[in-house]
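The values are calculated or read from the model by the stated rules, or taken from the named source; none is laboratory data. Computed from a predicted structure; not experimentally measured. Neighbour counts run over all protein chains shown; Cβ positions are idealised from the backbone, glycine included.
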Amino acid sequence: MPVIVSAPGRVNLIGDHTDYTQGLVLPMVLDVATTITGDFTDDRSWHLVSDDEPLPVVLALPIERPDLVEPRWGRYVAGVLHELERAGRTVRGFSGRVSTTIPIGSGLSSSAALEIAVARVATADDSMSDTEMALLCQRAEHLASGVPCGIMDQLCIASGRAGHATLIDCRDLTIEHVSIPSAVAVDVEFVAPRTLAGSEYADRVAETAAVERIIGPLRDASPESLASIADDTLRRRARHVISENQRVRDFVAALGAKDWVEAGRLMTESHRSLSRDFETSNATMDAAVERTLRRPGVLGARMTGGGFGGCVVALSSVE
C-alpha cells in the first residue's frame with residue numbers, strides 16, 4: 001500500500017527570535033502542506049523526485065555528510081535520515097515524490113515541513129513523539145543549512161492543530177493550543193523571497209548569546225537589566241527579545257479577553273521592534289506592513305518568520 005504523509009506550513013503570529021533564547025512563541029499551522037507519496041523498498045537508499053525541483057534526490061544509507069548532498073534540497077532529507085540512524089532508528093529504503101502547496105522561500109517553513117514529512121515517512125513503523133521528532137528535525141536543519149534555528153518551526157508543524165495557535169515555551173517545550181476565535185481572521189501575504197542561509201540570522205543568534213553572557217538568560221531578564229548593557233546594538237537586541245516575550249503573553253491574554261484591538265496593536269508593535277531593535281526587517285517588508293495596516297478591518301500586522309523578507313501576517317476583524 002502506498003505511503004502518503006503530509007506536514008503543514010506555519011505562520012508565526014507573534015514571538016520572533018525568542019525561540020533560540022528559550023522564550024515564548026505563538027505560531028499556527030496553515031492549510032498548505034508538503035506531501036510525500038511513495039513506497040518502501042528493499043534496498044538501503046532513498047529516491048525522491050520533486051514537483052518543484054528539477055533534480056531528484058538519491059541517497060545511499062548511511063549518510064555521513066548531509067551538508068554536502070546535491071541538489072541542495074536533498075540536504076534536509078539527508079539530515080533527517082542521518083539523525084534518525086544516529087538515534088538508533090532503523091531507516092528503510094524509500095522511493096517517492098514530494099509535492100508542496102507551501103510557497104518556497106516565503107518564510108512559511110517549507111524546509112521544516114519537508115523535514116517533518118520525511119521523519120513521518122521514515123518512522124511509519126516506529127512511532128516517535130511530536131517533541132522528539134521536532135528536536136530531531138531541528139538538528140537536521142542545523143546540519144542541512146548551517147542555520148542555528150530554534151525549535152519553533154519543527155515543533156509547531158509536528159504538533160499544531162487546525163484553527164489554533166500553538167503557544168510554545170521553548171525552555172521546557174510545553175505546548176498550549178490557543179483557539180483562534182471566529183471573530184478574527186489571520187491573513188498571510190507573500191511579499192518577497194528570502195533564505196536564512198547566508199543572511200544575518202546567525203549574527204542575531206550570536207548577538208543574543210553575547211547579551212546573555214552579560215545579563216544571564218534573556219528569558220528571565222527584565223527591562224531594567226538593559227541598563228547594564230553598554231553596547232547599543234546588544235542593548236537593542238536584548239530589548240526586542242525581552243519585550244517580545246511579554247508581547248506573546250499579552251497577545252494570548254488579549255485573545256482570551258476578546259480584545260482584538262489590543263491583539264492587533266501588539267502584532268504591529270512586534271513588527272516595529274523587529275525592524276528597529278532587532279533589524280531583521282527591510283524597507284520592502286516595512287512598506288508592506290504599513291500598506292496592510294491601511295486596509296479596512298485590519299487590526300494589526302507584522303513581518304513573520306526569521307526576517308529579511310518573506311510574508312506579512314495580519315489580524316483582521318470579521319464582525
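T292 falls short on exactly one of the conditions (1) in contact (Cβ under 8 Å) with a residue 60 or more places away in the chain; (2) closer than 19 Å to H17 by Cα; (3) of a type in the set (S, T, Y), and that condition is (2). Of all residue pairs spaced 6 or more apart or on separate chains, those with beta-carbon atoms under 6 Å, a first member in the stretch 110-125 that is in the same structural domain as G74 (by TED's automatic domain parsing) and a second member that is charged (D, E, K, R) are A112/D153.
Here is a yes/no grid of residues against (1) more than 30 Å from A263 (Cβ to Cβ); (2) in the same structural domain as D130 (by TED's automatic domain parsing); (3) buried (at least 23 other Cβ atoms within 10 Å of the Cβ); (4) in contact (Cβ under 8 Å) with a residue 40 or more places away in the chain:
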residue	(1), (2), (3), (4)
T21	no, yes, yes, yes
V25	no, yes, yes, yes
D51	yes, yes, no, yes
A60	yes, yes, no, no
D67	yes, yes, no, yes
R75	yes, yes, yes, yes
V80	yes, yes, yes, yes
F94	yes, yes, yes, yes
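Within the stretch 64-84, does at least one residue satisfy the condition of being β-branched (V, I, T), part of a strand (DSSP E or B) and under 19 Å from S159 (Cα atoms)? No; the residues of the stretch 64-84 include none that is β-branched (V, I, T), part of a strand (DSSP E or B) and under 19 Å from S159 (Cα atoms). When the stretch 245-285 is filtered for residues that are over 27 Å from D220 (Cβ atoms), at pLDDT 95 or above and under 22 Å from the mean Cα position of the chain (by Cα), only G264 remains. Conditions first: (1) under 24 Å from P193 (Cα atoms); (2) outside any helix (DSSP H, G or I); (3) in contact (Cβ under 8 Å) with a residue 24 or more places away in the chain. T284 passes all but one, so which condition is the exception? If we test T284 against (1) under 24 Å from P193 (Cα atoms); (2) outside any helix (DSSP H, G or I); (3) in contact (Cβ under 8 Å) with a residue 24 or more places away in the chain, just (2) comes out false. What are the residues in the stretch 117-134 that are modelled with pLDDT under 95 and among the hydrophobic types (A, V, I, L, M, F, W, C), if any? Answer for the stretch 117-134, where residues must be modelled with pLDDT under 95 and among the hydrophobic types (A, V, I, L, M, F, W, C): A124, M128.
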